[in-house]
Amino acid sequence: MAEATSGEPAPRPLPPGLDLLWGRRERGRRGPRPGLSADAIVDAAVRVADAEGLEAISMARVAAKLGFTTMSLYRYVASKDELLQLMFNASALGAESLVIEGDNWRSRLRAWATIQRDMLDRHPWITQMPMPAPPLAPNSLHFVERGLQAMDGTGLPDTEKLRIIGLLSSYTLNEAKMANDAARAAAEAAKAAQAAESSGDAAGPPLTFEDLLRELVDERTYPHLYRLAWSSSGADPLSEREEFLAGIDLILDGVQARIDRAG
């Protein structure tokens, strides 16, 4: 490894995007027109994605939002992929000062997962982002640090704490993605229903998952699904939020069992 002049090892080069986030690369010089910066570009991109989804993000679209040319953005952000990394980091702004409330590890970790879900609901475009590796942006690592801190006193090794954080995050991300996909599908269905109604070809209300199960499964071939479908008939279903929290509690039950086994 190369040595710095101070005798300390020289910092290793970071991948594009991370080098900008961690201050290893200059953020670009101010152009001839004031008002453009990496932060302004990221803020505009987040606002576009919040309103229109991740598919609306392009350098040209963000430039138009800001009133600049597309080429002017490249003085500050090298590519769309880099812009997505900066947007992901911006979505967790404030994580470094986040205080997780709770009287014990379980209530703190439940609150941590709920905060993450709330963030995903505010920025549902995150569920559309490719994630080939765990996020390493500064704000993301601050949030992971808060989750690890929530498990102080459990006696679990740090490697297991990190595994638990990963499991909770994967579950939360998947649940948020399904909720976001369902909301997008419902919006499209409502639009189609409105068009059909205006043309005099209106259909009935959409079928729920339970409705479809009762229509499709028979007791001999799918005895467990059949029992599940009909046992919930007439009962008030849990809301999506309640289902999400029930899943979190199941995961935390497993964490408690692991703590108990560890003694």
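Is region 18-91 best put as rounded, prolate or oblate by its Cα gyration tensor, with a ≥ b ≥ c the root eigenvalues, rounded for a/c under 1.5, and otherwise prolate when a/b is larger than b/c, oblate when not? It is oblate, given that a/c is not under 1.5 and a/b is not larger than b/c. Summary of packing: across the peptides 179-189, 13-23, the per-residue average of other C-beta atoms within 10 Å ranks them, highest first, as 13-23, 179-189.
Computed from Cα positions, the angle between helix 38-52 and the longest principal axis of the chain comes to roughly 20 degrees.
Using only Cα atoms, tell me the angle between helix 138-150 and the longest principal axis of the chain; keep it within 0 to 90° and round to the nearest 10. So the inclination is approximately 60 degrees. Looking at region 208-263, the trypsin sites (Lys or Arg not before Pro) that sit in a DSSP loop and have at most 11 other Cβ atoms within 10 Å of their own Cβ are ARG220. To test your reading of the geometry: what angle, between 0 and 90 degrees and rounded to tens, separates the Cα axis of helix 105-122 from the longest principal axis of the chain? Result, in degrees: 80. Other residues lying with their Cβ under 14 Å from the Cβ of ILE57 contribute a combined charge of -2, Lys and Arg counting +1, Asp and Glu -1. Report the charge-dipole magnitude of the chain in Debye, nearest 20, computed about the Cα centre from +1 at each Lys and Arg Cβ and -1 at each Asp and Glu Cβ. Computed about the Cα centre, the dipole is about 1120 debye. Other residues with beta-carbon under 12 Å from the beta-carbon of GLY247 carry, at +1 per Lys or Arg and -1 per Asp or Glu, a net charge of -3. Positive end of the dipole of region 18-91 (Cβ unit charges, origin at the Cα centre): among ALA78, LEU36, VAL62, the Cα lying farthest that way belongs to LEU36.
Only the coordinates and a few stated rules stand behind these numbers; no lab work does. Quick caveat, the model's predicted, so the values are computed rather than measured. Here the Cβ is made from the backbone with ideal geometry for all residues, glycine too, and neighbour counts use every protein chain on show.
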